[in-house]
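Some notes on the structure that comes next.
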Amino acid sequence: MDAVQLVGVILVFAIWSYVIYKENIAYSFAEKTFIGVTVGHSVMLGLTAMWNQNISKVSAGNLLLIIPILLGFTYLLRLSPKYTWISRYATGIHIGTVLGMAICIAPITINSYIRATFLDLRNPNNIVIVGGAILVIFYYFFQRKPGRISDILSKVGRAYIMINIGSSAAGTLLTRQAYLTERVSFLLKAFGII
């Protein structure tokens with residue numbers, strides 16, 4: 001077992017110590033180490049991306065990119081109580097730009113969702129998808145209308161929603177189980193069992 005594997009094993013057991021004895025020193029150390037390494041990695045990725053996408057192009061002669069670089073650096077003024085108001089301009093420009101782009105893209109996205117839902121009805125799976133979409137919409141729009149047929153259709157639409165929520169929860173559970181399996185496999189390999 002090399003030094004990197006040893007550190008990994010110690011950190012895995014430190015994180016798992018939370019299950020045995022709630023919040024403890026080992027768990028806190030591993031948690032803060034993970035957060036510190038993640039933040040450091042994210043900062044380095046951001047700086048590398050900024051260098052590759054902007055600063056190197058400015059040094060090549062594209063001077064218009066100085067504006068977004070300066071706007072990006074004004075976000076750092078949030079740390080100064082005296083100059084925090086300057087960062088609000090960059091935030092406003094950023095939110096306005098993203099909102100404008102979302103408004104332009106929204107009709108295209110909605111149309112693609114509608115086209116993806118209404119598929120060829122010769123396939124039984126597509127009939128289930130289209131029927132489920134219609135019944136879920138019926139549930140949301142007509143669940144309070146009196147009538148036997150609307151009650152039945154609303155209940156079937158609600159069943160589709162519950163199946164979707166259940167499958168999402170099962171997917172989350174299986175993802176967590178896969179993480180656990182991967183860590184157990186790491187530990188078994190580190191100790192030379194497999």
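The values are calculated or read from the model by the stated rules, or taken from the named source; none is laboratory data. Model, not experiment: these values are computed from the prediction. Virtual Cβ from ideal backbone geometry, glycine too; neighbours counted across all protein chains shown.
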Do you know which of the residues in the stretch 151-194 that are touching a Leu at 6+ places or on another chain (Cβ under 7 Å) and of a type in the set (Val, Ile, Thr) is surrounded by the most Cβ atoms within 10 Å (Cβ to Cβ)?
Val156
Within the stretch 115-150, the count of residues that are surrounded by 13 or more Cβ atoms within 10 Å (Cβ to Cβ) and either part of a helix (DSSP H, G or I) or within 26 Å of the chain's Cα centre (by Cα) (or both) comes to 15
Of these, Ala133, Ala169, which one is touching a Ser or Thr at 6+ places or on another chain (Cβ under 8 Å) and of a type outside the set (S, T, N, Q)?
Ala133
Just give me the residues in the stretch 162-194 being closer than 29 Å to Ile137 by Cβ and either in contact with a Lys or Arg (Cβ under 8 Å, 6 or more places away or on another chain) or of a type in the set (Asp, Glu) (or both), in sequence order.
none
Examine the stretch 84-98 for a residue that is over 30 Å from Ile66 (Cα atoms), surrounded by 12 or more Cβ atoms within 10 Å (Cβ to Cβ), of a type outside the set (A, V, I, L, M, F, W, C) and outside the structural domain of Ile10 (by TED's automatic domain parsing), and state whether such a residue exists.
no
Does Ile194 satisfy the criteria of being outside the structural domain of Leu70 (by TED's automatic domain parsing) and assigned to a loop (DSSP other than H, G, I, E, B)?
yes
Here the qualifying pairs (Cβ atoms under 7 Å; residues six or more apart or on different chains; first in the stretch 29-48 and assigned by TED's automatic domain parsing to the domain that holds Gly72; second at pLDDT below 95) come out as none
Odd one out for Thr172, checked against (1) part of a helix (DSSP H, G or I); (2) in contact (Cβ under 8 Å) with a residue 24 or more places away in the chain:
(2)
